[in-house]
Amino acid sequence: MSLPPGFLDELRTRITLSAVVGRKVTWDLRKSNQGKGDFWAPCPFHQERNASFHVDDRKGFYYCFGCHAKGDAVTFLKEADKLSFLEAVETLAREAGMAMPARDPEAAQKADRRSLLAEAVEEAVKYYRLHLRTGAAAAARDYLARRRLSPEGQDRFDIGYAPDARQGLFQALTAKGIAADVLVDAGLCARPDDGGAPYDRFRGRIIFPIRDARGRAISLGGRAMDPNARAKYLNGPETELFDKGRNLYNIGPAREALGKGRPLIVAEGYMDVIALSEAGFPATVAPLGTAITADQLHLIWRLHAEPIIALDGDKAGTAAALRVIDLALPLLQAGQGLRFAVLPAGMDPDDLIRAQGAPAMQKVLDAAQPMVALLWARETEGRVFDSPERKAMLDKTLRAALMRIQDPSIRSHYGEEIKRLRWELFGTRPTRRPFVRGAPRAQVTLPPAASTRISTLAMPGEAAVEERLLEAVLLATLIRHPGLISRFVAELESVDLLAPGHDGLRLALLRLSGEDDPAQTEARIAATEAAALETLFAQSHVRSAPPVRPDADPELALMCVAEAFAKLDARRGARREIADAAEDLTGLADEGVTWRLSRAAAAMQRTARSQIDDAGMGEDRAALSRGLQSLIDSEVWVKKKH
């Protein structure tokens, strides 16, 4: 459905964003300025304690500095209540007292069709619920009793039973006036190949209703009571209502429990979810008969930044965990990951809870491992690395896995953890015996990483001073040109700042993303970071920098900010590369180390080609290049024998 021009603008003027969001959050009144329409609260989209979720009533816009969720009132309702665009607009229009425009006939027909399908599925749930109480369902009730699922639990999850009759549901629902094609299109019945009357898709099975985030029944799942059935578990087919790769079992109750601070658990199947929920872990979901998909993973991360994957302690569970790792690696973001709860061998969550109780399950969840640990285990467990070739193959495999991580910061941290685990596997940090013109030098052990990182090579004093000056001009430029903040949010969040007070200014700028008034920006920063702000502009080179001057050209400021971020990233990346090369010399050829250091030098040279040396950001590029090349030529990383 297309909305007429101006409808959404009129809707946004009639509603207040803080009123819409306020139903889902508790405002931080100390940080908020309600008189100016400026509100702060913990984010409703991820678990946190700090008030990093900002609502600006004047602009009708929200932004979270933690998970980067952003949008307007329509977007908020879509994400918070899992509504479609039109459903969110209709909800806001009712609150604003506005009549929705007439829908086009095709859209109305499609919406009506989906409503018919949902009503048919709900009627099927009622039918199967009644049959769980019949004599034909005695075996099903015994099974649920053995699984320690109480009648109250069965009611909570609307569990039912499909009798072993070819057309039991079909006849019951058509007698209520539901058309045969609706039952087929809803996935409840199927048509035979010979074109005869539809027959029930679920027969002789315990039925588990599948509901969307709003609680609407959209499909069914069934567990066979016959041990010889072709499929132990059967899900409804893909329909207009149901896309198994985009839904999760128990998502509605789990989302409600997450709002009360519970951790999110991802289990394998229906009974695991039910057992965990009944044992006191209500924020539990499961994929629907398939391996976790990318869409489901994004949905899971919208619910919780670091869910726990609780999979069975058998080969199938391990394989499922490894598939999730391969899927998740390219999708990782800062603050967004996975942990894995490794259950005892041969047990699933339901088995463990029935055998040892909820405390045993809690202990397993508390010991959940980060994803990097399982990645390492996959490549090393059961293998012997007793030759250089095998060790090299391990390195190659791990490098390939790490290169799939898109976020450079996360990739770097994964690399550091892999190096630590590698040293543990191969014993103490190895040594190397370098040669010069055929004469062996004394064997030495590499210095510890901490020493390397604080060495002159890793952190030269003059470079540190230059970088602090560069930081100062960068921050001052953003303060004088606040309209640039929103364009560099990611860079501003990730950059490492050295000088005292700069980190506080960075956080203050992040809170003001979307501000465009320099005077207002400076005043609001002064309210919390007065000392750091005064120190910043007390520096003459900052006040005189071209992008900071009152008459500065906005285009020049944009170029300067981009240049400064690039130079800081390259300089610090070069230092890390040099330090890593010094740490990782073991087993590498000299030319390999030379290549790494040369690459670091090249990166620093590239970023040195600045067009804004007048701003105090320039450097002696030739001297820098000669100095670093001298370090390479003299093999400074090799400890000389005295």
When ranked by the protection proxy of mean other Cβ atoms within 10 Å per residue, highest first, what sequence do the peptides 545-551, 364-370, 118-124 form?
118-124, 545-551, 364-370
Mind checking which aspartates and glutamates have their C-alpha under 19 Å from Lys36, skipping anything on the same chain fewer than 8 residues away?
Asp28, Asp56, Asp57, Asp72, Glu515, Asp516, Asp517, Glu522
Under 9 Å, Cβ to Cβ, from Phe39 - net charge with Lys/Arg +1 and Asp/Glu -1
-3
Computed over the range 7-96: relative contact order in percent, which uses C-alpha pairs under 8 Å that are six or more apart:
23
Toward the positive end of the charge dipole of the range 496-560, about the Cα centre and with charges on Cβ (Lys, Arg +1; Asp, Glu -1), which of Ser544, Ser513, Ala530 goes farthest?
Ala530
Eligible lysines near Lys315 by straight Cα distance, threshold 28 Å, same-chain separation 8 or greater
Lys232, Lys244, Lys363, Lys391, Lys396, Lys419
Quick one: compute a quarter of the convex hull surface over the Cα atoms of the range 251-377 and quote it in nm².
7.1
Karplus-derived 3J(HN,Hα), 6.51/-1.76/1.60, for each residue of the range 389-402, Hz, glycine and proline x:
5, 5, 5, 5, 5, 4, 4, 5, 5, 5, 4, 4, 5, 5
Restricting the range 324-405 to GluC sites (Glu not before Pro) in coil, as DSSP defines it, with at most 15 other Cβ within 10 Å
Glu381
May I ask you to order 261-269, 468-476 by the average number of other C-beta atoms within 10 Å around their residues, highest value first?
468-476, 261-269
Note the full-extension length gain between Arg404 and Lys315 as 0.36 nm times their separation in residues minus their Cα-Cα distance, in nm to one decimal.
29.6 nm
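Bear in mind these aren't lab numbers, they're just calculated from the coordinates by the rules spelled out. Every value quoted in this text rests on a predicted model; they were computed, and no experiment measured them. Cβ: placed from backbone, ideal geometry, glycine included. Neighbour counts: every protein chain shown.
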